[in-house]
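> I have a structure I would like to understand better, so I am pasting it below and will then ask my questions one at a time.
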Amino acid sequence: MKIKIIGTYFFIHIISFAFAQEPVFLKYAVNNIAEDLKKDAKAVYRLDEAYLEVLSPSKYILKVHQITTILSPEGAEHLQQSLWFDKFNRVVDIEATVLNSSGRETQKYKKKDFSIQSYNDGISLATDDKIMHLSLSAPEYPCTIDVTYTIDVSGYIDLPNWYMNNSTSSVEQFRYIVKVPADLGIRYRSLNMNLSPVIEDNGNAKVYTWETKNIAVNTIDAGGYEGGRYLPQIEVSPNVFEYDGHKGEFKNWSDFGKWCYGLYEEKDPFSESRTAEIKRLVNSIADVRSKVTVLYDYLKKNMRYVSVQFGIGGYKPFPVRFVDEKKYGDCKALTNYMRNLLTVAGIKSYPALINAGYNKAPVAPEFPQNVFNHVILCVPDGRDSVWLECTSNNSEAGFLGSFTENKNALLLTENGGVIVSTPKSNYNKNVFTTINDIAINEEGGAEVKSTLETSGSFFELLDQVRQLEEGKQNELFVQYLNYKEPDEFHLAQHDEFSEKHQLNLKLTYAKLFDFKAGNKFFFPKTINKLCDERLNAVNSRKIEYVFHFPYKKVDTTIFHLPADFKVESLPENKQLADEYISYKREVAFDETLNTLKIVSTLSLMKNVIAPEQYNKVCELFNEIEKEENTKLVLKGLD
């Protein structure tokens, strides 16, 4: 423990009372934290420090020291200490110390106290990744944890960035030190803070130090891109690297793309007999796009996605013959397999690295670094390339969806890497159509025939529905598709792929109306909600709001009324719109047939909402929901 000595007399005076009162002068006592750093904070990083020493293109050592005061139980996640490692990343040592609110040590843990288990990313069948984990115990709140660890890395492609986690925590002292041999060098930048390094040049090496103090909490609004886009951070990237014996350069995108492209190249991927079989699939087809579609359909029907990541296998795909024989592969392997199918057909295509995820921010073209997590395929075709998601068994050729649209992808070519844009989202490609034919009886019950048709990103939902048991299907329709809960539910199944974009339901309601007053029945205007967005306006929003994807929803509901039923009150025709949202409702009543037809259309044209437009979007969605909730009033027998 370190004691601040403020004059000899004062020091002796304090020692004389050491057993009579709490030593509040201890360095990491909670009451030493400035009040403005406690405001809105779950925890305070008293010290957040990392020291990175790059020793060679294949080796570095990372030393981390973090001292964190947890102010309340809301910050208890800091008690969970986890550290990832694999055969290239070895945890040399790790130590954790727990201090009480006065800064006194209460518990101490060593490396042997941590449990080790295989890391499951939720996608891969097998990896060589592992996790060290330890749950610390809080003696009280507030309390402080002091954690140090050292990682020895024997193969890398990228260098660790260092983030300031100040979305729920404040920071007393932040420091990132990078030492690198002068002949290797690094590239670097700071994001979300104006912080330049102090650079020390000692001839054989350069030392970069970024340091700042007393940074308050900066809460990140919910619903934007992933948090890393908004956190203050120092990013560093190597100029050269070596991973699992494979040397490469990373001075620019072209360098990295050239290294990656080499991992995909192989001689004689197919046997002569398999090559002849593949050619026969497309020999009678002249159009390039039709050939692509035929071979893509072959991939979808015959291959399945299985992720296995070991060593360089995290970057190098399985051999084509392996995939051809085993009928499975991960995103790299299936993409490369499809690429070689096209090559047999005389069609050029390129793997494309991408940071997939609807809320993943596009890669920054100006700062090359390895931030990719997925691979897709690009088939150049003039100005309008065909993009293929090779892990899907359902997607149509040319459709990517919210996982990979609106991104900057690194195209791997024989001449090096090239940053290109994937297609922009188009709300007209993500269409959800419902047609409800409702026969109402005199008691207010109903028999309903409902047809759902989907395209684009909505299709995956229907595919999931088919895989559920009937009880779960009913639950999904009620809870997630906002159907009024029926008394009887029947889903017609289809086996043909061409019919998979459609579902047919038969529903029975003993009481379809919401409530009744005398002989007046108050019915919902449809059995499923068109508008299901739940947004709340805020005083001020600082970041974008990101919907999963833009879309168009169309609902057509036809009410067949009993002969003695009359329409007491019809909903009005309505139209609302701005640059993000369009809503239209059209109502028509046929007196001869005694039928009422309501057609409602809701379009979200853009899925990324500028912060200054967020409240306007909230208000419009709320207005649409109110319109949807107005009742259809029917008058029955007196």
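> Answer yes or no as to whether Glu226 is touching a residue at least 24 places away in the same chain (Cβ under 8 Å) and acidic (Asp, Glu).
yes
> Only one of Thr601, Thr630 is of a type in the set (Ser, Thr, Tyr), at pLDDT 95 or above and assigned by TED's automatic domain parsing to the domain that holds Asn573; which? Even if it seems obvious, please write down each step before you answer.
Working: Thr630 fails: at pLDDT 95 or above.
None of the others qualify; the one that does is Thr601.
> If you don't mind, another one. Go through (1) surrounded by fewer than 22 Cβ atoms within 10 Å (Cβ to Cβ); (2) of a type in the set (A, V, I, L, M); (3) farther than 16 Å from Asn406 by Cβ one by one and return the number of the condition Ala361 breaks.
Only one criterion is unmet by Ala361, namely (3).
> Then there's this: For segment 208-302, which fully contained strands (runs of 3 or more DSSP E) count at least 3 residues that are crowded, with 17+ Cβ neighbours inside 10 Å?
Those strands (runs of 3 or more DSSP E) span 233-238, 240-243.
> With respect to Ala333, is the statement that it is within 29 Å of Gly382 (Cβ to Cβ), part of a helix (DSSP H, G or I) and in the same structural domain as Val418 (by TED's automatic domain parsing) true?
Yes; evaluated as a whole, the condition is true for this residue.
> Go through segment 558-606 and give me each residue that's aromatic (Phe, Trp, Tyr) and farther than 20 Å from Leu620 by Cβ.
Listed by number, the residues that qualify are Phe559, Phe565, Phe589.
> Across segment 427-457, what is the number of residues that are among the polar types (S, T, N, Q), surrounded by fewer than 19 Cβ atoms within 10 Å (Cβ to Cβ) and either touching a Ser or Thr at 6+ places or on another chain (Cβ under 9 Å) or not assigned by TED's automatic domain parsing to the domain that holds Lys606 (or both)?
4
Here is a yes/no grid of residues against (1) surrounded by 21 or more Cβ atoms within 10 Å (Cβ to Cβ); (2) out of contact with any Pro (no Cβ under 7 Å at 6 or more places or on another chain); (3) in a loop (DSSP other than H, G, I, E, B); (4) at pLDDT below 95:
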residue: Arg383; (1), (2), (3), (4): no, yes, yes, yes
residue: Ser402; (1), (2), (3), (4): yes, yes, yes, yes
residue: Val420; (1), (2), (3), (4): no, yes, no, no
residue: Pro423; (1), (2), (3), (4): no, yes, yes, yes
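> Any residue that is among the hydroxyl-bearing types (Ser, Thr, Tyr) and either under 30 Å from Asn615 (Cα atoms) or free of Cβ contacts under 8 Å to residues at least 12 places away in the same chain (or both) - is there at least one of those in segment 188-195? Don't jump to the end; show me each part of the working.
Keep residues of segment 188-195 that are among the hydroxyl-bearing types (Ser, Thr, Tyr), which gives 188, 190.
Now restrict to residues that are either under 30 Å from Asn615 (Cα atoms) or free of Cβ contacts under 8 Å to residues at least 12 places away in the same chain (or both): none.
No, segment 188-195 contains no residue that is among the hydroxyl-bearing types (Ser, Thr, Tyr) and either under 30 Å from Asn615 (Cα atoms) or free of Cβ contacts under 8 Å to residues at least 12 places away in the same chain (or both).
> Hey, any hits in segment 342-353 for a residue that's at pLDDT 95 or above, in a helix (DSSP H, G or I) and out of contact with any Lys or Arg (no Cβ under 7 Å at 6 or more places or on another chain)?
Looking through segment 342-353, at least one residue is at pLDDT 95 or above, in a helix (DSSP H, G or I) and out of contact with any Lys or Arg (no Cβ under 7 Å at 6 or more places or on another chain).
> Identify, from the list Thr97, Thr68, Thr106, the residue that is free of Cβ contacts under 8 Å to residues at least 40 places away in the same chain and assigned to a strand (DSSP E or B).
Answer to the check: Thr106.
> Next question. Which pairs have Cβ atoms under 6 Å, sit 6 or more apart or on different chains, and link a residue in segment 474-494 that is touching a residue at least 24 places away in the same chain (Cβ under 8 Å) to one that is assigned to a loop (DSSP other than H, G, I, E, B) and surrounded by fewer than 15 Cβ atoms within 10 Å (Cβ to Cβ)?
Within 6 Å, the pairs are Asn482/Asp532.
> Of everything in segment 494-517, what is out of contact with any Asp or Glu (no Cβ under 9 Å at 6 or more places or on another chain), modelled with pLDDT of 90 or more and among the small types (Gly, Ala, Ser)? Give them in sequence order.
Ala517
> For segment 72-87, give me each residue that is touching a strand residue (DSSP E or B) at 6+ places or on another chain (Cβ under 6 Å) and surrounded by 17 or more Cβ atoms within 10 Å (Cβ to Cβ).
Correct list: Gly75, His78, Gln81, Leu83, Phe85.
> Additional query: Which count do you get for residues in segment 136-157 that are of a type in the set (S, T, N, Q), at pLDDT 95 or above and within 19 Å of Ala43 (Cβ to Cβ)?
Quick first cut of segment 136-157, residues of a type in the set (S, T, N, Q) only: 137, 144, 148, 150, 154.
After this cut, where a residue has to be at pLDDT 95 or above as well, the list is 144, 148, 150, 154.
Now narrow it down to the ones that are within 19 Å of Ala43 (Cβ to Cβ): 144, 148.
Total satisfying the criteria: 2.
> Collect the residues in segment 42-65 that are part of a loop (DSSP other than H, G, I, E, B) and out of contact with any helix residue (DSSP H, G or I) (no Cβ under 8 Å at 6 or more places or on another chain), keeping them in residue-number order.
Residues satisfying the conditions are Pro57, Ser58.
> Starting from segment 609-638, take each residue that is over 16 Å from Ala537 (Cα atoms) and list its partners that are β-branched (Val, Ile, Thr), counting only C-beta distances under 7 angstrom and pairs at least six apart or across chains.
Going by the 7 Å Cβ cut-off, the qualifying pairs are Leu634/Val567.
> Related question: Taking segment 281-299 on its own, how many of its residues are modelled with pLDDT of 95 or more and basic (Lys, Arg)?
Going through segment 281-299 one residue at a time, the tally reaches 1.
> Show the residue pairs that are 6+ apart or on different chains and have beta-carbon atoms under 7 Å apart, the first residue being within segment 351-366 and at positive phi, the second being surrounded by 15 or more Cβ atoms within 10 Å (Cβ to Cβ).
Within 7 Å, the pairs are Gly357/Phe403.
> Of all the residues that make up segment 404-418, how many are part of a strand (DSSP E or B) and within 18 Å of Met605 (Cα to Cα)?
Matching residues across segment 404-418 total 0.
The values are calculated or read from the model by the stated rules, or taken from the named source; none is laboratory data. Please read all numbers here as calculations on a predicted model, not as lab measurements. Cβ: placed from backbone, ideal geometry, glycine included. Neighbour counts: every protein chain shown.
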